[in-house]
Each structure stands twice: as C-alpha cells, then as structure tokens.
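Have a look at the structure below, then the notes.
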Amino acid sequence: MLFNTLQYALFVPIIFIIYWLIGHYKKIRFQNFIVLIASFFFYGCWDVRFLGLLTFSILVDYFSGIQIEKVKKRSNQKIWLWISIAINLGFLGFFKYYNFFIHSFIDLFSSFGINVQASTLSIILPVGISFYTFHGLSYVIDIYYRRIKAEKNIIDYALFVSYFPLLVAGPIERATHLLPQLKKERKFKYSQVVEGLKQILWGLVKKVLIADQCAIIANDIFNNAEQYYGLTLVIGAIFFSIQIYGDFSGYSDIALGTSKLLGIELLKNFSFPYFSRSISEFWRRWHISLSTWFKDYVYIPLGGSKAGTGRKIRNTFIIFLISGFWHGANLTFIIWGGLNALFIIPSVIRKTNRKHIEIVASNSIFPNWREVFQMILTFSLVSFAWIFFRAISISEAFLFIKHLIGGLNQVWVYQATLSYLKWHIDFNIFIFIILFFMIEWIGRRYYNPMLIFDKLNTFFRWLFYSIVIVLVLYFSGADKQFIYFQF
Amino acid sequence: MKKFLLRIIQYSIFFIVSMSIILIVYCLRNNYSLKNFPPPNFSDSFSFNKKIEFSHDRKSKVLAVGSSMALINLESSSVKKHLKSASYTNLSSWGLSIKDMFRLIKIYQLKYDFTTLVMSSNMCDFSANEKSFSSSEIIKYLESRYKNWYNFYNIDLKYLFANFSIANESIRDNRHYESFRMDTDGGVLLDGNNFEKRKQRWNNDDIGIVKKYQYDYLDSINQFCKKKHIKFYFFQSPMRKGLINSQNKGVINTHVKKCKKILSNSVYFVNSSDTIWSDNLFVDGTHFNKKGAYQYTNYCFQQLETNE
C-alpha cells in the first residue's frame, strides 16, 4: 500500500476515526493495539510472508532488550547485545547482500583465473528491512548503554518497530523519542491534526508534482545516456537530484503528517537540504534520521571528532561507505558514499564542518552572492554524486560522466540540448519546480513551508488547498513507487 | 474533535462546490458529457482502451481479434450470417501486433470461453510495435462486477482530460480514421461515400519490416486454439489494386506462405491477396470502406464454403 494511492487515502481516515473514538475513552492500550493491527495490515499488503520476518525481528530485540537489563554482569549483557546485533545484521545481510557477496566472490576469484561454482538465490527483498532493522538495533544498543529501560509491554515495543507511517522508508526513529510517546496519553489537538494534514498535502505535492514529473525526464536521460551528451546529461542529473529530494522528503512528510493525525510526533528527516552552503550542512539537512543514527551508533563509538584529524578522516569515510552500502548491494552506492566523504573531508580538516548551523539568509529575504555561489557549488557536488546513486552499474555511471564532459566543448551538443528542452520537457515541470522552490525558500524558517499560506484569509487559503488537491489528483495517474522503498 | 469534524465538513462542502463549478463550466465549454467519457487507461491506445471497455459487458462464442485489419475490414452481419451465430463480438483495435493478439486471446478465453476465433490480418500486424498493457489489470477489470467502481478506483484525471476530445471525436461520425462508432458487435464501418481520405495514407505502399518473432506468436495462437478446441479462421487481408507492384507482391506472397505453413491444415485459411481488389472499395491502402468490408468478409467465407 503506497502513500500516494486511493487505498492509503481510505486506510488513514478509517484508522483515524477508530483511533480517536477509542481515545475518547482514554484507552491508550487499545489505541496502540489498533495501530499495531493497522501496521501489520499495512505491511502485509505488500506480501504476507514479510510479516513473519518482521514478527521474528520484533521478538528477537524485545527479548534481547529484557535479557540485557536482567543479567547483572556486563560481559553477559554484551553477549545478549551481540546476539541481537548478529541476528539483525544476519537477516539484513542475507536478504539484502547475499547475492552481492556471492557475485563479488566469484568475480574476485575469476580475476585470478580460478573458476568458482556458487549459486545465487532468488531472494525477495522484504520492504523496509533496512529501516526496521535499524530501529531494533538502536533499541538494544540504547539499553546496553543504559540510555533507556527495556520495554516490558510487547505491544508497545512491536508498535515502536512496526509503526506504519515509518515502517517502510523511515524516518529511523529512536526508542528514546518514540517509546515515551507511545506510553503517554494522547489528546486530540486540533492544531496538530491540521498541521498533519497540511504536511501530508505538501508531501503529495513533492511526490506527485515534483518527483514524478522530474522522473519522466531523469529516467529518459539516464536510461538512454549513451545517446546524449553534454548539457542534456547535466539536465538529467539536475532533474534526478530534484526527483530524489521530492520523492524521499515527500514520503517523509506524508509519514510525519500521518503520525501527527494520531498525535505522535516523528523525527524530522529533511530540512531544506538544497539550500545548504556546504556538504556538511547538506548532510545535516538530508535524511537526518539516518545521518544522526550513523553519527550516534557508528561515528561516536569509533572516536568521533574527539580523536586526531587522521582518525576523524577515517571515521568519516567509514560512516559514508557504510551509509552507501546500507542503501543497496551495489558498488555504485559505495562510490556514492565515498564521493560524499571526499567532498566533506576538506571541512573536517579545516574544522569548518560545524559552520552553517542556521538556515541560509536567516535574517534576510535573499542570500548574498557568496551564499548563492556556495549553494550552487554544494548542489553541483551533490548532483554529481547522485549520478552514481542513480546509475545501475559503475560502467553506466562512467559512461554518463564521459558523455557529459566529452560533449561540453562541441557546438552541436548545445543545439541538441536546446532541441531536447523544446521537444521533450513539458513546460508544466518548470512551472512546478520554480513555484516549489519559491515556496520552500519563503517558508524555509518554518517546519512546513505550507504554513506561509496561513496568513491568507480562509477563502483564499481553502481555494489554494483545493487547487493543490486537484493538481495532485490530476497528475497522480497510476501508482508510482517511492525510490526509498527499495532500501 | 468536534471543531475538527465541523471544519472538515465545511471544507469538503467548499471543495465540492468550488471544484464542481469549475468542472461544470469547463465541461460545458468543451462539450464534454458522460456519453463521451473516455474508457479506463489500460494502454496509450485509445482504440484499445475503448475495446476493452466494450468487452466488459459482453459474452460471445465467436470472437474477432486483431488490428484495424479486423476492426474495419470484417463486416459483422456477414460474419454472423456465415458462422450461423448471433453470439459474436469484434474485439479488435487499431495497431495491435500478433503478440498483443496472443496476449488478448488468452485474456478473453478466461472471460468468454469462446469456441470460434476469426482473425483478419496482413503484414502490418507482424511489423507493429507491441502495446504496453498489463494483462492482470485487464483481467481485474473484466472480472469486476461494477466497472464504474473500477473506473473510480483507478481514476486518472490527466488521462481523462487529455482524452475527452478524442472520445468526442471518435463517436461523432464514421467519416474519419478516428471513428469509433461501433455496430452492436464492435465492428467499425467507415463510410465509403463521404470518407475523408488522407492522401499520405491512400498512397502508402509501405508494407513494413516483419519482426520474425511475431510468427512464433502466430504459432502460439494456433497451438492455443488447438489445445482449447477453438475453431480458428485466419484471413489474409489484401492491399488495394493501385498499390500492388511486383516488389511488394513478392514479399506479401512469401509472408502468406509462411503464415500458411505455420497454421497448417487445421486452420480455416483464406488468402484474399490472390484476388484483385478495386480501389473504390478502400479508404486507404489496406482499410476497406463499408462496401469493401462487406465484399471482403463474404469473399473469405465463400472461399471456405466452396472448398468444403
């Protein structure tokens, strides 16, 4: 069940009504139970078989958590922690990386002239496995480091892992943030619910009007990269950068908005990343829940920024390479991670990576020229790295770059780009992109840029929402997958 | 909660009223009505989508499946007369390839359990690009009891608005190639006297480049019919006299021989390319007009009856 479908549009109101009717009688347990059932139903809509794996993962971490707290000796606690980590990563490794390792193993031996016979398996990758595995991992690690107490109520814990708004593509929640909310009485707050609805609408705008429209161009250019040169490929890379932002942050917005309808606040996952003035700022604004997860559970345990410069560089590379590998069992993702690490290293060496904490031009309407240059440079570097993220193979990514650079010094290539712009790109897309970034820019100081329309009077505000809803319905068409579901 | 529900009701009324006003004005200005509501979006071919929609409410023992060579060239009353069956449906649409036909025949078999298949074809069916459609989606639609519910559930506004004018045009008259004014059995007869011929189509003697794998799909259709005990009629549709030359005649003959070999003796095979067809029976190089379709259909069945 995708977020941008009629099924979901029917599913959410049903859950919403049942949930708050029960809430009226102040039964948190029943509310949690209802949402748990809904979450399992939501996940089972993909494939009922996935539910077995999810249940097993929940049970492993639930019992590991209790055991870590129960046993007194630190060494025994460590054993339980490693049992949980091994099972979680074992599952992730088997379902996501088994075939990748087998292929790499065969390739490695064949490069030495040794033929190895090993069979790959036809494994279906369970949707969202990378996300709920990380939920479980953070939970047991937090118990081990005594940041939280083990959850005794299995329903509450199961809900923490399987909570439907975040189950398949995050944000990756922390037990310290979500579990206390699940245990607390939730009151219906008009402002929170309305804010949730606005965030869902903004998420749909990002997905349907931005990501899906950009995907038409990005897919065409990336799938036929051998036919295109120079600026046309630059356009492809830019459109993909916008597509992935609209797609993933749109998903996150719908997830956060849906959760708000149920009175539960999730971690913010995106904060205007394309207005960043440096790569380090970009990574503080892009997929925040994953970045902070890696920071807390990998980077800091490795020594973090307290170690010497050499260690810091090593640790930065490690988290970016792991982050790349987390996205998929393909060398393209690892190179993407490596490139981002390379881009961020200069600021780590110069100790400027904590600069730009505030949003750009926080006290003015427009950025200064220096900030404009910084934003363009950051966007260019990020878009360059996205080429590897989007390409199916390394050779495809290099062919893309070769054609891109090779075509920049030939006049006919520019003519071809103009002709591409004229014949292949729908004018609507430009309008949508310009309006979208304008609204994001004006609303960059708000949690949700749509809040800028709160200043309008009711009639114009409602008219604006209605037009946006109609546009979303008009351009939605057939079901379109979210990119991050594959991870 | 009460305040929220009240606000939702107020907004819903505002949304329905304001958007209805805009929609009604837009539809009135463009002459859109429920009568010319576009069919569901199964593929990028309006004709194909329209035919799938047409097939939803029907159940026949005799089916014609094919491209425009069957849609326009088979005259429904003649088919029914010769096959002595009133239970007939022409499920053909523009531009289908043999592979598409094979996929559709398998789908229709599930719904219709038909006993007789009529195909009218020529080389263009073997050179056409395949349509992109989902068999499972069509099966879901055909099996749905309430097609309007399916339409609502799978609504695609962009497609609907883009196709309202095509839908309008297609039911307007039978003087254009876009005509989809079907007879009760799904056949389209293009008016011979007033038809607006397009010069380019009239003079087009390009017979296309056959994709060899399409012959495998013809064989698959044949095997499927044998397995399901379906009577299979295959008619080779001709070109108008004025376009035939020694070069394309040779290519067509080779093609016909190949088809005949694949279909062997078990199929009712008629090659109408052996006969000269006067130009006044056509609306372009290969599509018959009303009179031509009548003559061609009768000719094919009479050939078989004579041979019997």
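No lab work stands behind these numbers, since they all come straight from the coordinates. None of these values were measured; they are calculated from a predicted model. Cβ sites come from the backbone with ideal geometry, for glycine too, and all protein chains shown count toward neighbours.
Working from label points 7 Å from Cα in the Cα-to-Cβ sense, the residue B:196 to residue B:144 distance is 3.4 nm. Straight Cα distances below 17 angstrom link residue A:72 to the aspartates and glutamates A:142, with same-chain residues fewer than 8 positions distant left out. Annotation: the residues B:127, B:121, B:92, B:264, sorted from fewest to most other C-beta atoms within 10 Å of their own C-beta, follow the order B:264, B:127, B:121, B:92. If I fit a long axis through the Cα atoms of helix B:46-55 and take the longest principal axis of the Cα atoms of chain B, what angle between them do I get, 0 to 90°, rounded to 10? Long axis of B:46-55 versus the principal axis of chain B: about 90 degrees.
Once backbone amide H atoms are built at 1.01 Å from N, residue B:64 has B:89, B:90, B:91, B:118 as its partners under 5 Å, excluding neighbours fewer than 5 places away on the same chain.
Across all directions, the shadow cast by the convex hull of the stretch B:85-145 built on its C-alpha atoms averages 4.8 square nanometres.
If I take R0 = 45 Å and measure r between the Cβ atoms of residue B:35 and residue A:422 in this structure, what FRET efficiency does the formula 1/(1 + (r/R0)^6) give, to the nearest 0.05? Intermediate results must be reported in sequence, preceding the final value.
Numbers: r = 37 Å, r/R0 = 0.83.
Between residue B:35 and residue A:422 the formula returns 0.75.
Assuming R0 = 22 Å, can you tell me the calculated FRET efficiency for the pair residue A:48 and residue A:154, based on Cβ-Cβ distance, to the nearest 0.05? It would help to have the intermediate numbers written out before the result.
Details: r = 21 Å, r/R0 = 0.95.
It comes out at approximately 0.60.
Relative to the longest principal axis of the Cα atoms of chain B, the long axis of helix B:98-112 makes an angle of roughly 70 degrees.
Quickly estimate the mean residue ellipticity at 222 nm for chain B, helices only: each DSSP H run with n ≥ 4 gives -39500 (n - 2.57), and the total goes over all residues, rounded to 500. Present the calculation step by step, with values, prior to reporting the outcome.
Working: 13 runs with 154 residues, N = 308.
My calculation for chain B gives -15500 deg cm²/dmol from helical runs alone.
Placing dummy labels 7 Å off each Cα toward the beta-carbon, the span from residue B:228 to residue B:113 is 1.2 nm. A Förster distance of 45 Å, applied to the separation of the beta-carbon atoms of residue A:101 and residue A:409, puts the FRET efficiency at 0.60. Summing charges over neighbours of residue B:114, with a neighbour being any other residue whose Cβ is under 10 Å away from its Cβ, gives +4 when K and R count +1 and D and E count -1.
Between the amide H of residue B:269 and those of B:234, distances stay under 5 Å, these residues lying 5 or more places away or on another chain, with hydrogens modeled in the peptide plane. Kirkwood Rh, the stretch A:242-295, all Cα pairs: how many Å? Kirkwood hydrodynamic radius for the stretch A:242-295: 11.7 Å.
Using Cβ point charges alone (K and R +1, D and E -1), the dipole size of the stretch A:6-188 about the Cα centre works out to roughly 1000 debye. With the charge dipole of the protein assembly as shown set up from +1 on Lys and Arg Cβ and -1 on Asp and Glu Cβ about the Cα centre, the Cα lying farthest toward the positive end among the listed residues B:264, B:298, A:423 is that of A:423. For residue A:148, the residues whose amide H sits under 5 Å from its own are A:143, ignoring neighbours fewer than 5 places away on the same chain, with H placed 1.01 Å from N. Among beta bridges from DSSP that stay inside the stretch B:36-307, the antiparallel ones total about 10%. Karplus-derived 3J(HN,Hα) values for the stretch A:394-402, using 6.51 cos²θ - 1.76 cosθ + 1.60 with θ = phi - 60°, are 4, 4, 5, 5, 5, 4, 4, 5, 4 Hz; glycine and proline are entered as x.
Under conditions of 20 °C and 1.002 mPa s, the stretch B:36-307 yields 114 µm² s⁻¹ as its translational diffusion coefficient, taking Rh as the Kirkwood radius over Cα pairs in the Stokes-Einstein equation.
Taking only the alpha-carbon atoms of the stretch B:244-306, what semi-axes of the equivalent ellipsoid follow from 5 times the gyration tensor eigenvalues under a square root, in whole Å, largest first? Don't jump to the answer; show the numbers that get you there.
Working: eigenvalues 90, 63, 14 Å².
Values for the stretch B:244-306, descending: 21, 18, 8 Å.
Using only the C-alpha atoms, the convex hull of chain A corresponds to 179 Å³ per residue. Gyration tensor analysis over the Cα atoms of the stretch A:333-471 returns equivalent ellipsoid semi-axes of 33, 26, 15 Å (largest first, whole Å). The label point for residue A:21 and the one for residue A:226, both projected 7 Å from the Cα toward the Cβ, are 5.9 nm apart. Please give me the summed charge of the neighbours of residue B:74: other residues whose Cβ is under 13 Å from its Cβ, Lys and Arg +1, Asp and Glu -1. That sum, taken over residues with Cβ under 13 Å, equals 0.
Each of A:380, A:272, A:145 was scored by the projection of its Cα onto the charge dipole of the protein assembly as shown, and the greatest displacement toward the positive side belongs to A:145; charges sit on the C-beta of Lys, Arg, Asp and Glu.
Can you find, among B:117, B:243, B:288, the residue sitting farthest towards the positive end of the charge dipole of chain B, where Lys and Arg contribute +1 and Asp and Glu -1 at Cβ? Of the listed residues, the answer is B:117. Translational diffusion coefficient of the stretch B:148-193 (Stokes-Einstein, Kirkwood radius from Cα pairs, 25 °C, 0.890 mPa s): 201 µm²/s.
For each pair in A:27/A:260; B:50/B:99; B:249/B:290; B:106/B:260, compute the distance between the two Cα atoms and list the pairs where it is over 27 Å.
Checking Cα-Cα distances, every pair stays at or under 27 Å.
Sorted from greatest to least, the principal axis extents spanned by the alpha carbons of the stretch A:6-188 come out as 71, 51, 22 Å. Equivalent ellipsoid of the stretch B:169-211: semi-axes from √(5λ) of the C-alpha gyration tensor, largest first, are 23, 15, 9 Å. Phi angles of the stretch A:66-75 translate, via the Karplus equation with coefficients 6.51, -1.76, 1.60 and θ = phi - 60°, into HN-Hα couplings of 5, 5, 4, 6, 6, 6, 8, 5, 4, 5 Hz per residue; Gly and Pro are given as x.
When B:115, A:133, B:306, B:254 are ordered from fewest to most other Cβ atoms inside 10 Å of their Cβ, what list results?
Values: B:115 16, A:133 25, B:306 7, B:254 12.
Ascending Cβ contact count within 10 Å gives the list B:306, B:254, B:115, A:133.
The alpha-carbon of residue A:152 sits under 14 angstrom from the alpha-carbons of these aspartates and glutamates, leaving out residues fewer than 8 places away in its chain: A:61, A:69.
For the stretch B:86-232, the Stokes-Einstein estimate of translational diffusion at 10 °C and a viscosity of 1.306 mPa s comes to 89 µm²/s, using the Kirkwood hydrodynamic radius over alpha-carbon pairs.
To make sure I understand the rule: partners must be aspartates and glutamates, Cα under 12 Å from the Cα of residue B:291, and not fewer than 8 residues away in the same chain. Which ones qualify? Counting by Cα, and skipping residues close in sequence, residue B:291 has these aspartates and glutamates nearby: B:75, B:191, B:279. Computed from backbone phi, the HN-Hα couplings of the stretch A:339-347 come to 4, 4, 4, 4, 5, 8, 4, x, 6 Hz, rounded to whole numbers (Karplus: 6.51 cos²θ - 1.76 cosθ + 1.60, θ = phi - 60°; Gly and Pro given as x).
Using the count of nearby Cβ atoms within 10 Å as a rough guide to exposure, how do B:277, A:336 rank from fewest to most? List each step's numbers first, then the result.
Working: B:277 22, A:336 26.
In order of increasing Cβ crowding within 10 Å: B:277, A:336.
For the protein assembly as shown, the share of DSSP beta bridges that are antiparallel, to the nearest 5, is 10%.
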